[in-house]
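Rule-based calculations on the coordinates, nothing more; no lab input. All figures in this text were calculated on a predicted structure; none of them were measured in a lab.
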Amino acid sequence: MNIAVGASIFILYGIFIVLYFFINRHRGARVYRSAYIQSFICYCICFAALKYLPSGKGAGVNFTPFISFLKTDGGTRVFELAHFFQYILDSVSSILLFLPLGIYGGVLCKLNYVEKPGMKFFLAALASAVGAEFLQWLLPAARFTDIDDVIFSVLGALLGFYIFSRIQSRPSVRNTLKKVRLSRDVDHIVS
């Protein structure tokens, strides 16, 4: 259910951003900065919908890494193929949920001229993954807090950061970043 809500929000907001670009195409560099901020807001809304709405799995906590793929049957853990596939699906969804965070983090590091951003970004990704799981544990909605989600979330954020670091040298990406940086600098001069 919450996947449908998150996907719907993402699609509607994507349509909104395309229309925003079309309507404001004459405004120049500020459109890029505005689209970056709006897409990040869209990501945060989708993230909250996917992470914090009730999931139907029930509430619980798991602090043992990589044991969630075993099904608990009367106090013992047994391997069941269907349960393993659900574990793989949950792991991939955690990676994909945090992948945009890595890309946004890479853009933010590039725009702010952060030197040697790798370790700083890793710590920020770890803090955001732990914070998301902790908040999930605190909220009254029936959610399952799992250490595997933290591991795969950090992996997804690092993968997104790596993808951005590989494509940042392309001319189209460099030009877009220059436009975003230029619009930010113009806003500082005007205000």
Gain upon complete extension [VAL130, SER169; 0.36 nm per residue less C-alpha separation]: 10.9 nm
Under-5 Å amide H pairs with ASN62, H placed in peptide plane, nonlocal only: THR145, ASP146, ILE147
